[in-house]
Number of protein chains: 2
Amino acid sequence: MEKERLHTIPLKNIRIHDSFWDKYVRLVKEVLIPYQWDILNDRLEGVETSHCIQNFKIAAGEASGEFGGAVFQDTDVAKWLEAAAYVLETNPDPDLERLADETINLIGRAQGEDGYLNTYFTIKEPGLRWTNLKEGHELYTAGHMIEAAVAYYEATGKEKFLEIVKGMADLICRIFGPEEGKCHGYPGHQEIELALIRLYGVTEKEDYLKLAKYFIDQRGVGENYFLKEERSPRYQQIFPEFAGYDARYSQSHLPVREQTTAEGHAVRAVYMYCAMADLAYYYQEEGLRKACRTLWQDMIKRRMYLTGSIGSSGLLERFTTDYDLPNNCNYSETCASIGLALFGRRMAQMEKDASYMDVAERALYNTVLAGIAMDGKSFFYVNPLEVWPENCMERTSKEHVKPVRQKWFGVACCPPNIARTLASLGQYIYFMDDHTLYVNLYISGNVSAELACGTVEASVVSDLTNTGHVELEFKKEKAPYSYRIALRIPDYVRNYRIRENGAELGGFQLEKGYLYLEAEEDAVKLEIDFEVPAEFVRANPKVREDAGKVALVKGPLVYCLEETDNGANLPAVFADARQEIREEYREDLLGGTTTLKFKGMRLTDHEWQDGALYGARENRFQKAELTAVPYHCWNNRTPGEMLVWMHEKL
Amino acid sequence: MEKERLHTIPLKNIRIHDSFWDKYVRLVKEVLIPYQWDILNDRLEGVETSHCIQNFKIAAGEASGEFGGAVFQDTDVAKWLEAAAYVLETNPDPDLERLADETINLIGRAQGEDGYLNTYFTIKEPGLRWTNLKEGHELYTAGHMIEAAVAYYEATGKEKFLEIVKGMADLICRIFGPEEGKCHGYPGHQEIELALIRLYGVTEKEDYLKLAKYFIDQRGVGENYFLKEERSPRYQQIFPEFAGYDARYSQSHLPVREQTTAEGHAVRAVYMYCAMADLAYYYQEEGLRKACRTLWQDMIKRRMYLTGSIGSSGLLERFTTDYDLPNNCNYSETCASIGLALFGRRMAQMEKDASYMDVAERALYNTVLAGIAMDGKSFFYVNPLEVWPENCMERTSKEHVKPVRQKWFGVACCPPNIARTLASLGQYIYFMDDHTLYVNLYISGNVSAELACGTVEASVVSDLTNTGHVELEFKKEKAPYSYRIALRIPDYVRNYRIRENGAELGGFQLEKGYLYLEAEEDAVKLEIDFEVPAEFVRANPKVREDAGKVALVKGPLVYCLEETDNGANLPAVFADARQEIREEYREDLLGGTTTLKFKGMRLTDHEWQDGALYGARENRFQKAELTAVPYHCWNNRTPGEMLVWMHEKL
């Protein structure tokens, strides 16, 4: 195991100017942050009341009334602040910074003298702190506050928020730990672990790292803490649906190092895996590293959708069994894909292996982006691969599937999570180590990387999702040193040509998916032509739902059929995968996108004019010209059916 | 509308000796009734405690303790008594009759002075009678008691039980009705309506018929009664999952005559439709008759499985939208198919139309029989058409699907409902009117029909499910009269030949699916050869889940693939529907059954040896020899996968 992992580059050193991503990234500053600010302040009509800011005011003694929202309501504020921090890091904005500072001050005033910070327990259940780790989300909420504070400190250099969360983190260190007299529990919803590690990253206070390790080490060891906790006289149930708790739900069924399959609530799982990967690196622990690799492989080889989403059960947002990947009733929460990307990035950093970024990229370009409308004002929590709108009825097995994006949610984890992810996209684009600048995602923009040997400036112009042509220019300070450029060669690239300062390169040797080039000139210009043809892909035959079906991909993008282009009853369409796929860039469509046109057939009801439901009748087909659009932008036009996996004419 | 409907023939005049049915019918007397008696008395280990008899003892003041089980727990006793009555009607059994009499006496002692009969409310909530019609199941429970009492009276001639339920029915007549001061509500779960009509049938007391009509007329008129009821200070919620009640759930969203689509909880729906059909006949009301026809057509043309099951949503056991018929996560409750058969039979009687029996037969031969193991000791409540056992996990969207039959259920409606249905099978086999004996189902046995013109004796020897050869002998008393024989020509019969006393008949004219023959001889022998070939059938292309798939049927039987015959991962099998289907009778298999052998291919994982989940890889197939067995006997051997709708090699 290598002693150093790859580092992300501070967001302030990264600029994005990309025809594909700009339309989303600009939404964060222009739409999401103001829109979510209005929601946090209960100023938006027609959406479920957030209560968020009001809760802090009540907790601070500056307003009266009752706590509103869910036990983890504070996290909406935290994620808003985290997103604001990332925005401020790249786009100074005094008005936004003032709003953020005011909010941070309010949070500070809502904090207890002992450092405790959580408006639900402060206002509603002051006597029940730490008595319901299973459902109370206290540690989860603290984790999001800590992440926000670290981001804000990194963006602005201001320490106020960091001091606030250090107060809470120190309290948690006093309450939890292996010592006698401390609570030997661990969070019902993981998040505090990775947050404490980030806090350690900026404070270098080892207590935080140790406590994160304690939470991970303790989880699933001996009698399940949550089942023990339930027997306490102070325990009060919060969520009735948690009766008869299954420890797998929170990955507390086994010590984490013994876990070999991705189980339970998908978001909890991947947040935990993130912390495991961080700890494996900080403690140079092979056991944790091996568990991370095993769990990653289990997810991506048996429990993940083509769109980079996880958690296939509509009930409890959880993993089920290997190859159980239904397309029209899955959960595939947006937050779970965000967590998958976070985990994949950490694995890529630790393992210096680009294949992890193949998956992270798939999640970002498909499910995470599908989670948000192109106007930034509505969201998917659940991300099906097949939708029949009229069938997504309330009080049926498919009631969790929404055929159109929602303005907000009672449990509103996804929208602010998308905001902070888009605002921190730069962390996925580049990595660095002392002597190497890594390019993971081919997204146009600039970066300035402070390598040990000096600063390297790079600018990228990428047309990855269309022609596959990418140009990169690297400049270093004039000095007698050389550095390396590492280019991720994505798994979907069929072939590629690279010219360096006009000269064709060859004899490429990839090392875990990266192509390493020595850069000795002061200026290096790379011109890459990635072959990223549109292709029909199939699923492993063990994926029952996809047997006899094909899906369309082009580069990182999964495509889908929409009713508005192809008519209704999409499952009656049979693609002819032997025919050519025609790529057609449409400037006017969905902010500019490449559509895929192909031939197929469609079952007709010629034999069924009598309206019979079943019969010994022949299939009758008619020819069909079909058009697919990228999955991430489905439901941005006339609402209707959507389909990723199409029947194939065999 | 014809003034007279067809009548069923008393069970005591019918004997069944059929190679297909005997193995099930004998289970009722030999296994189900003793087994269920042990359960009712809490004598069986390893099954959920029933409390049934104990509840009656407590209500009678003969035992102490608390009420146990669900609000409708009494109905298990009622259905047991109803099944026992049908058994006694054909097989006198003094021991069983003594047990039944003792139980009836106990029920009598548990009855209130005012006639009230319901152990839940008597023991647990005496102050809350009639305050929660939505959830309390008081009228539903009374209905099952009444049905049992009518059956017991018809079987034994004893009036005791009838007197008991008349007491309850009279009380209900005093409580409910259009008059001022009476309760203007209606049952949350329909059943009392058809029961009151049956009670009217034996007592001729018109109050019962009128009250049944009132319940039907009142339903869904004006403000929904259940939503009104909730606002009463005496209302106490019983089932938390009923919060935010949707009136469609109990078909109270519209006046019944305005309902055109089958909505809500499937069992409630079909029980209500039964009463509507009965009332349409008794009151000669075209409006109700039309509603019945419309609702029937809606079910069978848009909302029914090939196996004659209904209610496609795993959540709330309900109908959803047209053509929404998922195969692996449906509910398709056994009781709902029983209700479908009950409704179909009533429609056939009223309309003199055999097509209704096509559906009733499909339900009986497939879903109802699948509901019970061939040893009579375990049951399916939910009847999927595709099962992947390891995927039917708790706390997932498929937790309602059980891959093996269960010994009993907390809500145990299905097992005793199967018992009473099997015990009363004769009611489906024959109908009669003044001058005609109708043969609906070709089941070997005898019948004695007392037509207006004299008694006709018939004996039937049928091999319908195998060769399709059926012999019927009819004898009438020697007298100068003639009568008619009506033979149902099932929809699945491709062709048929009939010889009457050795002479080939021809020029058949069917009238609503019945072939009418004048019988003038004293003895008429009919030899029929029905062509009932095994066939691949397809679904209407609007059924998305079945697009590109085929199923196998032979006569009334739907077939399925089981893992034990065909290996695992059945969805990777592609049937070749152009190849011949080979029928093979297997004496040794499943009590003697015809298997279907055919050719197909199977997707292999040749291209997927690396364990990848997705990729631009070719399909590779291997040839497969496949064996299908009747759906109703799935899961009677080694547990494993099951599949009805197979992919088709197009």
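The values are calculated or read from the model by the stated rules, or taken from the named source; none is laboratory data. Note that the structure is predicted; figures quoted are calculated from it, not measured. Quick reminder, even Gly has a Cβ in these numbers, built from the backbone with ideal geometry, and neighbours come from all protein chains shown. Side chains are part of the model used for accessible areas, which takes the heavy atoms of the whole protein and leaves out ligands, DNA and RNA. Shrake-Rupley method; radii C 1.70, N 1.55, O 1.52, S 1.80 Å.
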(1) without any contact (Cβ under 8 Å) to a residue 12 or more places away in the chain; (2) crowded, with 21+ Cβ neighbours inside 10 Å: which one isn't true of B:Arg219, the others all being true? (1)
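Test of understanding: among B:Asp95, B:Asp18, which residue is modelled with pLDDT of 95 or more and open to solvent by less than 50 Å² (accessible area, probe 1.4 Å)? Before you say what the answer is, go through the steps one by one.
Values: B:Asp95 fails: open to solvent by less than 50 Å² (accessible area, probe 1.4 Å).
Exactly one residue qualifies, and that residue is B:Asp18.
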Pairs please, first residue from the range B:133-157 and more than 19 Å from B:Leu11 (Cα to Cα) and open to solvent by less than 10 Å² (accessible area, probe 1.4 Å), second anywhere and among the basic types (Lys, Arg) and not in a helix (DSSP H, G or I), Cβ atoms under 9 Å, 6+ apart in sequence or on different chains. B:Gly136/B:Arg129; B:Glu138/B:Arg129
Enumeration of residues in the range A:385-409 that are in contact (Cβ under 8 Å) with a residue 60 or more places away in the chain and either among the charged types (D, E, K, R) or more than 14 Å from chain B (Cβ to nearest Cβ) (or both): A:Glu386, A:Lys398, A:Val404, A:Arg405, A:Lys407, A:Trp408, A:Phe409
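Test A:Thr321 against the criterion of being surrounded by fewer than 24 Cβ atoms within 10 Å (Cβ to Cβ) and polar (S, T, N, Q), and give yes or no.
Values: surrounded by fewer than 24 Cβ atoms within 10 Å (Cβ to Cβ): yes; polar (S, T, N, Q): yes.
Yes; evaluated as a whole, the condition is true for this residue.
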Does the range B:305-324 contain any residue that is touching a helix residue (DSSP H, G or I) at 6+ places or on another chain (Cβ under 9 Å), within 27 Å of A:Gly615 (Cα to Cα) and among the basic types (Lys, Arg)? yes
I'd like to know if the range A:233-250 contains one or more residues that are open to solvent by less than 50 Å² (accessible area, probe 1.4 Å), in contact with a helix residue (DSSP H, G or I) (Cβ under 8 Å, 6 or more places away or on another chain), farther than 14 Å from A:Leu133 by Cβ and not in a helix (DSSP H, G or I). no
Which numbered condition in (1) within 14 Å of chain B (Cβ to nearest Cβ); (2) in contact with a helix residue (DSSP H, G or I) (Cβ under 7 Å, 6 or more places away or on another chain); (3) in contact (Cβ under 8 Å) with a residue 60 or more places away in the chain is the only one that A:Asp576 fails? (2)
Any chance you could count how many residues in the range B:357-396 are surrounded by 24 or more Cβ atoms within 10 Å (Cβ to Cβ) and either in the same structural domain as B:Val629 (by TED's automatic domain parsing) or charged (D, E, K, R) (or both)? 2
If we scan the range A:59-71, do we find a residue that is within 29 Å of A:Ile14 (Cβ to Cβ), open to solvent by less than 20 Å² (accessible area, probe 1.4 Å) and touching a helix residue (DSSP H, G or I) at 6+ places or on another chain (Cβ under 8 Å)? no
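When residues of the range A:363-408 are filtered for being within 21 Å of A:Leu27 (Cβ to Cβ) and in a helix (DSSP H, G or I), how many remain? Walk me through it before giving the result.
Step one: filter the range A:363-408 for residues within 21 Å of A:Leu27 (Cβ to Cβ), giving A:363-383, A:402, A:404-408.
Then keep just the ones that are in a helix (DSSP H, G or I); that gives A:363-370.
Here the count works out to 8.
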Here the residues within the range B:440-453 that are part of a loop (DSSP other than H, G, I, E, B), small (Gly, Ala, Ser) and closer than 22 Å to B:Met374 by Cα are B:Ser444
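Which one of B:Glu230, B:Glu241 is within 14 Å of another protein chain (Cβ to nearest Cβ) and either on the phi < 0 side of the Ramachandran plot or among the hydrophobic types (A, V, I, L, M, F, W, C) (or both)?
Numbers: B:Glu230 fails: within 14 Å of another protein chain (Cβ to nearest Cβ).
Of the residues listed, the single one that is within 14 Å of another protein chain (Cβ to nearest Cβ) and either on the phi < 0 side of the Ramachandran plot or among the hydrophobic types (A, V, I, L, M, F, W, C) (or both) is B:Glu241.
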Breaking point among (1) surrounded by 21 or more Cβ atoms within 10 Å (Cβ to Cβ); (2) outside any helix (DSSP H, G or I), for B:Ile33: (2)
Considering the range A:537-559 alone, what residues qualify as being in contact (Cβ under 8 Å) with a residue 60 or more places away in the chain, within 12 Å of chain B (Cβ to nearest Cβ) and among the hydrophobic types (A, V, I, L, M, F, W, C)? A:Val537, A:Ala539, A:Val543, A:Val550, A:Ala551, A:Leu552, A:Val553, A:Val558
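Condition test on A:Leu437, is it more than 14 Å from every other protein chain (Cβ to nearest Cβ) and not in a strand (DSSP E or B)? Explain how you work it out, then say what you get.
Working: more than 14 Å from every other protein chain (Cβ to nearest Cβ): yes; not in a strand (DSSP E or B): no.
Against the criterion (more than 14 Å from every other protein chain (Cβ to nearest Cβ) and not in a strand (DSSP E or B)), A:Leu437 does not qualify.
Would you be able to say whether some residue in the range B:294-308 is more than 14 Å from every other protein chain (Cβ to nearest Cβ), assigned to a helix (DSSP H, G or I) and open to solvent by 10 Å² or more (accessible area, probe 1.4 Å)?
To start, the set of residues in the range B:294-308 that are more than 14 Å from every other protein chain (Cβ to nearest Cβ) comprises B:295.
Filter again for assigned to a helix (DSSP H, G or I), leaving B:295.
Okay, now just the ones that are also open to solvent by 10 Å² or more (accessible area, probe 1.4 Å), so none.
Within the range B:294-308 (the criterion being more than 14 Å from every other protein chain (Cβ to nearest Cβ), assigned to a helix (DSSP H, G or I) and open to solvent by 10 Å² or more (accessible area, probe 1.4 Å)), the answer is no, since none of the residues qualifies.
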For the range A:454-469, what are the residues that are closer than 19 Å to A:Val553 by Cα and assigned to a strand (DSSP E or B)? A:Ser462, A:His469
Restricting attention to the range A:620-637, does a residue exist that is over 29 Å from A:Ala373 (Cα atoms), at the interface with chain B (Cβ under 10 Å from one of its Cβ atoms) and surrounded by fewer than 22 Cβ atoms within 10 Å (Cβ to Cβ)? yes
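Kindly indicate the residue of the range B:309-318 that is part of a loop (DSSP other than H, G, I, E, B) and facing chain A (nearest Cβ under 10 Å) and also most open to solvent (accessible area, probe 1.4 Å) among those meeting that condition.
Within the range B:309-318, the first condition is being part of a loop (DSSP other than H, G, I, E, B), and the residues that meet it are B:309, B:311-312, B:314-317.
With the extra rule that they be facing chain A (nearest Cβ under 10 Å), the set shrinks to B:312, B:314-316.
Details: B:Ser312: 10, B:Gly314: 15, B:Leu315: 69, B:Leu316: 39 Å².
Applying the filter and picking the extreme gives B:Leu315.
Here is a list: A:Ala354, A:Ala336. Which entry is closer than 20 Å to A:Lys79 by Cα, open to solvent by less than 10 Å² (accessible area, probe 1.4 Å) and either polar (S, T, N, Q) or in contact with a strand residue (DSSP E or B) (Cβ under 7 Å, 6 or more places away or on another chain) (or both)?
Details: A:Ala354 fails: closer than 20 Å to A:Lys79 by Cα.
Checking each option against the conditions leaves just A:Ala336.
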So, A:Phe56, is that one hydrophobic (A, V, I, L, M, F, W, C), buried (at least 23 other Cβ atoms within 10 Å of the Cβ) and in contact with a strand residue (DSSP E or B) (Cβ under 9 Å, 6 or more places away or on another chain) or not? no
